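Right, one structure below, let's go through it.
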Amino acid sequence: MLNRSVVSLVSLALLTTLMSACTLLPGNQLDTTRLNDNDATPTATYPVHLISADMIVAQSQPGAARPLPPARFADPAQYVYRVAPQDILGVTVWDHPELTTQQGQTLSLGGNVTQSVGSVLQQPYTTPLAGQADPDGQTVGPDGTIFFPFLGKVHVAGKTIGEIRDELASGLAPYLKKPQLDVRVLAYRSQKISVTGDVKSPGPLAVSDIPLTLVDAITRSGGTNADADTQRVRLTRNGKFYVLDANGVLDRGDMTQNIMLQDGDVIYIPDRSDSRVFVMGEVKNPQPLAMIRGTLTVADALSQSGGILDTDANARQIYIVRGARNNPKQPDIFRLDMTQPDSLLLAAQFQLQPLDVVYVGTAGAVQFNRLVNQVLPTLSTLFFLKELTN
């Protein structure tokens, strides 16, 4: 038979469990003693901002605009293409077929690069040596020159088609009577931008005589996949990083985001993994939620999570934790009191930001019930032991 000392030890253990139940109690709980708002202690560590109508109005004001990359051309109408090494030129001299490029037609390869029709269809294309004639056109060599009869090497890199045409006509004037000629680019191979990420056909795109904008680049890459985040398109230019909103061009007509791309640009279309919010606590379905076109309100988040639990949730403790990734020591914390008459309006208008955490607190009575459920097995054991000692 067990002695009374064993029962005393069990009773002491039970008392210790009861005293520390708040820290051992399982389930979703939020200790607000380190928060500082109207419901917390004045010696708080983290300030809490109570969501109000004034905060909604301040939130609706336009914030600081994201910096845009410097534009080479202020207006797309001013854009002009300049020839560079590896481009292939076609020259037509009227009434002089011996000086005219053999192949006059062009072919689009995959929508990205234009190549002349000829031997390229029969065998892999090989770049001729600098200064040599090309059977499918005049290839601009690494030194920026092409070879042309009567004129020898002609420097064309950095010049427009019109400038090259005038220079060739001027050079042929001593040999031909009033030479009339035309110059065109048969293959744009010198300049390109790269589109990567969540698009259907990632890869390089040739820069041609038609201005290439951000939306054009996404379209020519087959469009985006279902999980693409077009609100945070990342552009790398000249070693600097920029974030662009391609969705704003389509939804709001914000043409400032539809920048003109240039040689060497790298476009990355991310997925929506960084455009999520996390709903936790006393809701029916705690889960991460993807933002819809970059927007999501507190009401949206709670509704998509099945709503708060009627019997378990503390409607006064709807917390939004923001900025924990960038500043874990001092995040922004907001609180919504759902017991107030204007709470539904505030919840429907308070906009969440990517990686926000929405937490619904637990009611005090529920914490007590969970405590009792945890302690009851221990009480049953204690009463059983007492029966054995009697």
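Give the number of residues within segment 308-337 that are at pLDDT 80 or above, in a loop (DSSP other than H, G, I, E, B) and more than 18 Å from L352 (Cα to Cα).
Residues that pass the stated criteria total 2.
State the number of residues belonging to segment 158-189 that are surrounded by fewer than 19 Cβ atoms within 10 Å (Cβ to Cβ) and over 18 Å from V93 (Cβ atoms).
Result for segment 158-189: 3.
For segment 228-242, give me each residue that is surrounded by 19 or more Cβ atoms within 10 Å (Cβ to Cβ) and modelled with pLDDT of 90 or more.
Listed by number, the residues that qualify are V233, L235.
Which fully enclosed strands (runs of 3 or more DSSP E) of segment 148-259 have 2 or more residues being without any contact (Cβ under 8 Å) to a residue 24 or more places away in the chain?
Passing ranges, in order: 152-155.
Evaluate segment 214-222: report whether one residue or more is of a type in the set (S, T, N, Q), touching a helix residue (DSSP H, G or I) at 6+ places or on another chain (Cβ under 8 Å) and open to solvent by 10 Å² or more (accessible area, probe 1.4 Å).
Within segment 214-222, not a single residue is of a type in the set (S, T, N, Q), touching a helix residue (DSSP H, G or I) at 6+ places or on another chain (Cβ under 8 Å) and open to solvent by 10 Å² or more (accessible area, probe 1.4 Å).
Among the residues of segment 342-366, write down those that are loosely packed, with under 15 Cβ neighbours inside 10 Å and either acidic (D, E) or modelled with pLDDT under 85 (or both).
D342, G364, A365
Of the residues in segment 243-266, how many are within 13 Å of the chain's Cα centre (by Cα) and either modelled with pLDDT of 90 or more or open to solvent by 40 Å² or more (accessible area, probe 1.4 Å) (or both)?
Selection size over segment 243-266: 2.
Which residues, taken from segment 304-333, are within 19 Å of S52 (Cα to Cα), crowded, with 20+ Cβ neighbours inside 10 Å and hydrophobic (A, V, I, L, M, F, W, C)?
I318, I320, I333
The values are calculated or read from the model by the stated rules, or taken from the named source; none is laboratory data. What you see is a predicted model; the values in this text were computed from it and never measured. Please note: Cβ atoms are built from the backbone with ideal geometry, for glycine as well, and neighbour counts cover all protein chains shown. These area figures cover heavy atoms from the full protein model, side chains too; ligands, DNA and RNA do not enter into them. Shrake-Rupley method; radii C 1.70, N 1.55, O 1.52, S 1.80 Å.
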